[in-house]
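Colleague: Take a look at this one; I'll ask things after.
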Protein chains: 2
Amino acid sequence: MAAGTGKKEKRDASTEERILAAARTVFTKKGYAGTKVRDIAAEADINLSLVNYYFRSKEKLFQVIMQETVQQLIGDVSRIFDKEETSLEEKVGALADHYVNLLLKNPDFPLFLVNEILSGNDIFSSHAKKETLFQSHFFKQIGALKVNYNPVHIIMNTFGMLVLPFLARPILQNNGIVKPAEFKALMEERKKLIPVWIKGMIG
Amino acid sequence: MAAGTGKKEKRDASTEERILAAARTVFTKKGYAGTKVRDIAAEADINLSLVNYYFRSKEKLFQVIMQETVQQLIGDVSRIFDKEETSLEEKVGALADHYVNLLLKNPDFPLFLVNEILSGNDIFSSHAKKETLFQSHFFKQIGALKVNYNPVHIIMNTFGMLVLPFLARPILQNNGIVKPAEFKALMEERKKLIPVWIKGMIG
DNA sequence: AAAAAAATTGAACAATTGTTTAAAACAAAT
DNA sequence: ATTTGTTTTAAACAATTGTTCAATTTTTTT
């Protein structure tokens, strides 16, 4: 029948891959409800029926994209969080570095996630590696901090400072607070500043 | 015909008001595309046709809600930003105080905005008072800062630290990082901490 | 009380959209 | 070459959903 794990794998992968790529693009840009199957077909430049032929339903296709996205996300974070030999500040730096790069390439990405998170779709809970994440070296380091407030704040601050600029980008740019060309440079600057700020909070 | 400004204003306001309240709720929770006119009618407990009777179309109704929302938002921020007599740190404190309260009451609110911002709908640009905002005392204070980086970072950090916890709340709670009962207390804690952190960044 | 205007209702319409089907085109195997 | 299995296509189906309409009820005006 359809995809991927079949025995002979004789299929030309391009159609299936094109649907996936198109789905990634459109779902990310418009969200689940805002995406029409016909949009995906058009983006992939294939016949409408092929979407259902390869993925059964819009819902199933969405789950594939979402699963793949979360997997990637958790994988990336885990690799950074698990390192035993890096300091907390270094981990924050690595996070900033990695995600600024990623978000500069995929500006719609944070909305996509936020969107699904708040639509009741608990994208992480269904995922295997989640425990790994929340018991990682990073979380141990955070928990061991000597600060007179709940150390979870540090996590919130890190991700808040990291993600918000990308969510607010249109506002910042359309109102002349940040010139379009300037945005990338600002984000590069943040790569170095975020760990400094975080260090200031805990030091 | 419809609403509000008409001459005689004889209409029982309750139906129109109920539609507006329902629309606020449903649009905020599900976004524009995810909202069905029938959802709004059901939430308001009125006949489906009345939505179009009072507001012409789903699109128009949405614009009313969006306009009212942005107006409120800009108004609140302006009141804080414009104060000549408060320090930068005090303004951040007032912001945190006001918006933590607001977001605790309306958990879906940040997503709603973020959603529209990134769907190309530049909610601020169409609004009159926007210049006021970006030329406010707050922005002057920010611009006058003696820091060796672009002062816009401070704005991003403030809003990032303020908003992200509400966007990430489901993740935090569903994974035991923050217990549901604990969340409110954490946010109250943040009211005081955010201005301290910001002060640390600029001082 | 009668007439006019406004509000409400249930039904239907029309457009959109996810999905299915049957036939055709294509590729692989015998 | 023929058969078999797979992929693609165009069309249609069915469900959803925004909108409209005609009739009824309610309210306001005269």
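Colleague: Count, please, the residues in region A:156-182 that happen to be free of Cβ contacts under 8 Å to residues at least 40 places away in the same chain and buried (at least 18 other Cβ atoms within 10 Å of the Cβ). Write out each step before concluding.
Modeller: Of the residues in region A:156-182, the ones free of Cβ contacts under 8 Å to residues at least 40 places away in the same chain are A:156, A:159-161, A:164-165, A:168, A:170-182.
Retained after the next criterion (residues that are buried (at least 18 other Cβ atoms within 10 Å of the Cβ)): A:156, A:159-161, A:164-165, A:168, A:170-172, A:178.
Summing the residues that are free of Cβ contacts under 8 Å to residues at least 40 places away in the same chain and buried (at least 18 other Cβ atoms within 10 Å of the Cβ) in region A:156-182 gives 11.
Colleague: Here's something else I'd like to know. Go through region A:152-195 residue by residue and tally those that are in contact with an Asp or Glu (Cβ under 8 Å, 6 or more places away or on another chain) and more than 8 Å from chain B (Cβ to nearest Cβ).
Modeller: Step one: of region A:152-195, the residues in contact with an Asp or Glu (Cβ under 8 Å, 6 or more places away or on another chain) are A:153, A:170-171, A:174, A:191, A:195.
Filter once more, keeping what is more than 8 Å from chain B (Cβ to nearest Cβ): A:191, A:195.
Adding up the residues that qualify gives 2.
Colleague: In addition: I need every pair where a residue in region B:43-67 that is assigned by TED's automatic domain parsing to the domain that holds B:V26 has its Cβ under 7 Å from the Cβ of a residue that is charged (D, E, K, R) and near DNA strand D (Cβ under 8 Å from one of its atoms), sequence separation at least 6 or different chains.
Modeller: Short answer, once both residue conditions are applied: B:L48/B:R38.
Colleague: Which numbered condition in (1) modelled with pLDDT of 90 or more; (2) within 8 Å of chain A (Cβ to nearest Cβ) is the only one that B:Q141 fails?
Modeller: Of (1) modelled with pLDDT of 90 or more; (2) within 8 Å of chain A (Cβ to nearest Cβ), only one is false for B:Q141: (2).
Colleague: Report yes if A:A128 is at pLDDT 95 or above, hydrophobic (A, V, I, L, M, F, W, C) and outside the structural domain of A:R24 (by TED's automatic domain parsing), otherwise no. Working first, answer last.
Modeller: Values: at pLDDT 95 or above: no; hydrophobic (A, V, I, L, M, F, W, C): yes; outside the structural domain of A:R24 (by TED's automatic domain parsing): yes.
Considered against the rule, which asks whether it is at pLDDT 95 or above, hydrophobic (A, V, I, L, M, F, W, C) and outside the structural domain of A:R24 (by TED's automatic domain parsing), A:A128 comes out as no.
The values are calculated or read from the model by the stated rules, or taken from the named source; none is laboratory data. Since the model is a prediction, treat every value here as computed from it, not as a measurement. Positions of Cβ are generated from backbone atoms using ideal geometry, with glycine treated the same way; all protein chains shown enter the neighbour counts.
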